Amino acid sequence: MPRAGLVPATVTEAAADVADEIGLSQLSMSVVAERLGVKAPSLYKHVDGLADLTHRIATLGALELGDALRDAMQGLAGRDALAMAAQTVRAYVKDHPGRYAATTGASPTGPDDPLASALDRVLESFAAVLHGYHLNPGEQIHAVRMLRSVLHGFATLETSNGFQLDADIDDSFAWMITFIDRGLTAAGAP
């Protein structure tokens, strides 16, 4: 009989918290079980193993990031939307490195997989940023990929202490936003 109050969402949330604290690569069923005060085999009543749990964390992370982007960018366009999206991704990766890591490379198992719609939320937010730049429709996918790559790279390098030079990281971040804005503005110019 499953422990009272323990449901897949509870297990996922606890696992996501653990992943944020110790890193996704260190996540195990036994660590999650210890956090929840149960034996590891009892978790299998709620999730199908570590791969399933990681997939659920990816879904949670993508939903949270997608919602955070949507909420932060509401009513903004152009450079303002770009700056807010960049700041939101940066903050999310800093605050939830394990959840974010789970989203990287996560693939939906099919069209009904909740991960598919969660990832779509994130992509729709990036597309909304780009809408204000009036890009040629054929360039949209390239621009989304560029934006995701740059923001992912900056945020993950920052959280892994990958910036060792003496220059201020916030200055570099602001410079990056200005650089992207200028590039997108030039690409969308008639």
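The values are calculated or read from the model by the stated rules, or taken from the named source; none is laboratory data. Just so it is clear, the model here is predicted, and its values are computed rather than measured. Note that we place each Cβ from the backbone using ideal geometry, even for glycine, and neighbour counts take in every protein chain shown. Ligands, DNA and RNA are excluded from the accessible area calculation, which covers all protein heavy atoms including side chains. Shrake-Rupley method; radii C 1.70, N 1.55, O 1.52, S 1.80 Å.
Annotations for the structure displayed:
- Surface listing: 73, 146 arranged by accessible area from highest to lowest gives 146, 73, probe 1.4 Å.
- Over the chain: helical MRE at 222 nm, DSSP H runs n ≥ 4 each giving -39500 (n - 2.57), nearest 500: -23000 deg cm²/dmol
- Surface share of carbon and sulfur [accessible, 1.4 angstrom probe, percent] for region 59-188: 56
- Span-like helix ranges in the chain, DSSP H, alpha carbon extent 27 angstrom or more, Kyte mean at least 0.5: 169-188
- Summarising the label geometry, the points placed 7 Å from Cα in the beta-carbon direction at residue 44 and residue 156 lie 3.2 nm from one another.
- 94, 39, reordered so the largest accessible area comes first (probe 1.4 Å): 39, 94
- Rounded to the nearest 20, the Cβ-based charge dipole of region 24-176 about its Cα centre (Lys and Arg +1, Asp and Glu -1) stands at 360 debye.
- By a 1.4 Å probe calculation restricted to protein chains, residue 48 has an accessible surface near 130 Å², given to the nearest 10.
- Å² of accessible area per residue within region 124-168, as computed with a 1.4 Å probe and no ligands counted: 63
- Nearest-0.05 FRET efficiency for residue 9 and residue 51, computed from C-beta distance (R0 22 Å): 0.80
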